[in-house]
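Engineer: The structure that follows is given in the form of structure tokens.
The values are calculated or read from the model by the stated rules, or taken from the named source; none is laboratory data. This one's a predicted model, so the numbers in the text were calculated from it and none came from an experiment. All Cβ positions, glycine included, derive from the backbone under ideal geometry; neighbour counts span all protein chains shown. Ligands, DNA and RNA are stripped out before the accessible areas are found, and what is left, the full protein with its side chains, is counted by its heavy atoms. Shrake-Rupley method; radii C 1.70, N 1.55, O 1.52, S 1.80 Å.
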Amino acid sequence: MTFEELRDKAHALPLKPGVYIMQNAASEVIYVGKAKALKNRVSQYFQDQSRHNEKTRAMVSQIDHFDVIVVQSEFEALVLECALIKRHQPRYNILLKDSKGFPYIRLSPGDYPRFSLASKAENDGARYFGPYGSRFASQGIIDALRQALRLPACRRKFPRDIGKERPCLNFHMGVCDGYCRPEMDQTQYKRSVDQAVRLLEGRLDEVVDELSAEMEQAAEELRFEKAAQIRDRIRSIQLLSTRQKAVAGSLADTDVVGYHRGEAKSCFVVLHYIGGELAAKDWELLGVPMEDEQTTVSTLAAQYYGGRGQLPKQILLPCDIDERLELARMLTESVGRKVEVLTPQRGAKMELVKLANENAAEEALRATTAEERRSKLTEALGALLGLEEPPHRIEAFDISNTGSSDIVASMTVHVDGRPLKRDYRHFKLKDMPHADDYASMEQVVERRFRRYLDGDEKFGDLPDLLLIDGGAGQVKAAQEALSKLGLSIPAYGMVKDSRHRTRALQAGDGREIGIQANQALFAMVGRIQEETHRFAIEFHRQQQAGHLKGSALDDISGVGPARKAQLLKAFKSVKAMKAASLEELAAVVPRNTAQAVYTRFHKPEDDRGKDETP
């Protein structure tokens, strides 16, 4: 179907709740969404594309046709959407990696069984425990079991590798009993595995009582080091038991959801609380979604909790979602008891949500390199402006003046979002009878790119994008300069709001492109504008200062630029020169020049005032 046909089909949809299924030319499902009113929601995809982010535009460009399923309520739409996302795993939906199913902990058969993760329970002679909440959390239980009971985590196979090599580092660190040593018998291994099994089955008291008896016996026999080892093992087991309960979800009082959307990665976090104490943390890194925060949190929460047999009593969300009541109903019906879904606005629960959000932000930041963040921002900028490629090199221009004097301009350079200060340039405007920002901008841009065409190495690199401090008028002036030289480079103005912050980018035809929806991109463009303005103002002040310092020396016989530099270097200021004696001046410049300077500063009062600059 053509774009117009897709738009017409969307406008013909009913104003009823339902699910829409976007498909490409190969009839592959690329996106599944739900809507309160199908017509309103689906038609948005085929309206003004400039309002969409880059990921949405990419998805829309691949839509060949779509189907809809009308349902009776928003609740049915939520349930159906979850089922279809789980079934099709669409490319453009944000997906939890564990959404295909919940993992089990597998204990392999044999004389030396090992624990591992499994996607499903099979009839293969092994024992299975679970299902648990996520692969990450379940792997954490296995690691904690190994450490608490000092079971091997290496790749050696027993009994085949017993005695073949020296014990690995885990043995020397005290986290493994070293079953690869010939003196270790199978009985101790089986005993530790049996304790691990009982812990997974929830029989904590049995294991703790057994180990406590061993600890007391070791103490009576004065084997205090052994008693201390058993004591540490008991503490690890008690901590493990609390963590296991939280991950299983059956005894958790409250889950707190956190979410952070970064420049290159996002993170979804769930903190599990038992009896008011934090027992475990589950998190997953994700790509940057095309949906807003509310839609993303709603989708991820439904994926995370949907289909589980065990759920906490209460789930706290970081933002209010339209489907909160529907989500609570879906989860309540799935476990046969009430599950509350809340969005706290204040108090202790709100503090827990803030903590979850901080954890999500920390995980996303730690997993994202600075290069990835900058790359994603330039990609977003290129897509927003409709460029074929992300702008690798950006040059920004600003004009600074006071009336018709000291009109200067600055050019800053940013490569992959980072300032490249060695390529910064200043310009003094020529032949400007009065201040004219448009004419000034045209002159500066023309001079910069004429230097490029003349083969000047200092201006040898062409930018992918020009950002002009100003609006449509300045952009048109820059485009006219480029047109004169036969060059075509995208140029946009950086326009400010009433608080002098960059609010949008503006094309030469006056069309504005909002950037505030992407806070990271908004901040990057703002930094470029501030840096360019700073560089222009700094140069402007230098020019003014130079005039002030030189004005009292300009018409003194024998004092040219070199003598001025000598005097200013020695005395630092004109005021110090005035206070200097003839001999002190003569120590810096020739005596006849020193005499001229001294005479100038010691004229009779009525002759001196008209020549000096205050």
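Engineer: What does the extension gain come out to for K458 and L278, with contour length at 0.36 nm per residue minus their alpha carbon separation?
Structural biologist: Residue separation times 0.36 nm, minus the Cα-Cα distance, leaves 58.9 nm.
Engineer: For the chain, what is the mean residue ellipticity at 222 nm derived from helices alone (per DSSP H run of n ≥ 4: -39500 (n - 2.57); sum divided by total residues; nearest 500 deg cm²/dmol)?
Structural biologist: My calculation for the chain gives -14500 deg cm²/dmol from helical runs alone.
Engineer: Just the number, please: percent antiparallel of the DSSP beta bridges in the chain, rounded to the nearest 5.
Structural biologist: In the chain, approximately 80 percent of DSSP beta bridges are antiparallel ones.
Engineer: Now a separate question. Assign one of three labels to region 388-482, namely rounded, prolate or oblate, based on the Cα gyration tensor with a ≥ b ≥ c the square roots of its eigenvalues; rounded applies when a/c is under 1.5, prolate when it is not and a/b is larger than b/c, and oblate otherwise.
Structural biologist: prolate
Engineer: For a quick check: with amide H placed at 1.01 Å from N, whose amide H comes under 5 Å from V71's, ignoring anything fewer than 5 positions away on the same chain?
Structural biologist: So V71 has HN proximity to G18, V19.
Engineer: Please compute the length gained on full extension between R198 and R127, using 0.36 nm multiplied by the number of residues separating them and subtracting their Cα-Cα distance.
Structural biologist: In short, 24.3 nm is gained.
Engineer: Then there is this: Please calculate the 1.4 Å probe accessible area of H52, with all protein chains present, and give it to the nearest 10 Å².
Structural biologist: Per-residue accessible area (H52): approximately 30 Å².
Engineer: Can you compute the charge dipole magnitude of the chain about its Cα centre, using +1 on each Lys and Arg Cβ and -1 on each Asp and Glu Cβ, nothing else charged? Give it in debye, rounded to the nearest 20.
Structural biologist: 840 debye
Engineer: Is region 1-123 rounded, prolate or oblate when judged by the Cα gyration tensor, a ≥ b ≥ c being the square roots of its eigenvalues, rounded requiring a/c under 1.5 and prolate requiring a/b larger than b/c?
Structural biologist: Judged from the Cα gyration tensor, region 1-123 comes out prolate (a/c at least 1.5, a/b above b/c).
Engineer: Quick one: length gained pulling R166 to D555 fully straight, 0.36 nm per residue minus the C-alpha distance?
Structural biologist: 131.1 nm
Engineer: Here is a follow-up. For K569, which lysines qualify as cross-link partners when the Cα separation must be under 17 Å and same-chain residues fewer than eight apart are set aside?
Structural biologist: Cross-link targets: K549, K578.
Engineer: Also, I was wondering about something else. Of A280, M350, H88, which is farthest on the positive side of the dipole of the chain, counting Cα position, with +1 on Lys and Arg Cβ, -1 on Asp and Glu Cβ, and the Cα centre as origin?
Structural biologist: It is A280.
Engineer: R0 = 35 Å: FRET efficiency of K421 with R591, Cβ-based, nearest 0.05?
Structural biologist: 0.20
Engineer: On the first, second and third principal axes, largest extent first, how far apart are the outermost C-alpha atoms of the chain in Å?
Structural biologist: Principal extents (largest minus smallest coordinate, Cα): 109, 79, 51 Å.
Engineer: Can I ask one more? Size of the dipole of region 415-454 about the Cα centre, Lys and Arg at +1 and Asp and Glu at -1 on the beta carbon, nothing else charged, in debye to 20?
Structural biologist: 340 debye
Engineer: Now for a different question. In terms of Cα to Cα distance under 17 Å, which aspartates and glutamates are near enough to K421, apart from those fewer than 8 places away along the same chain?
Structural biologist: Leaving aside aspartates and glutamates fewer than 8 places away in the same chain, those within reach of K421 are E395, D398, E457, D461, E530, E531, E538.
Engineer: Continuing with the same structure: 7 Å from Cα along Cα→Cβ at both E28 and K338: what's the point-to-point distance in nm?
Structural biologist: For E28 paired with K338, the spin-label model returns 4.6 nm.
Engineer: Which shape class, rounded, prolate or oblate, goes with region 162-229 when its Cα gyration tensor gives a ≥ b ≥ c as root eigenvalues, a/c under 1.5 marks rounded, and past that a/b bigger than b/c marks prolate?
Structural biologist: Cα axes put region 162-229 in the oblate bin.
Engineer: Among the lysines, which fall within straight-line cross-link reach of K430, defined as a Cα-Cα distance under 21 Å, with same-chain neighbours fewer than 8 residues apart omitted?
Structural biologist: K458, K476, K484
Engineer: If you don't mind, there's one more thing I want to ask. Show me the ranking of peptides 258-270, 63-75, 337-349 by mean Cβ neighbours inside 10 Å, starting with the highest.
Structural biologist: With the highest mean Cβ count within 10 Å placed first, the list reads 258-270, 63-75, 337-349.
Engineer: Could the peptides 217-225, 573-581 be put in order, highest first, of the mean number of other beta-carbon atoms found within 10 Å of their residues?
Structural biologist: Order by mean packing, descending: 573-581, 217-225.
Engineer: How tilted is helix 472-484 with respect to the longest principal axis of the chain? Cα atoms for both, answer in degrees (0 to 90, nearest 10).
Structural biologist: Computed tilt is about 70 degrees.
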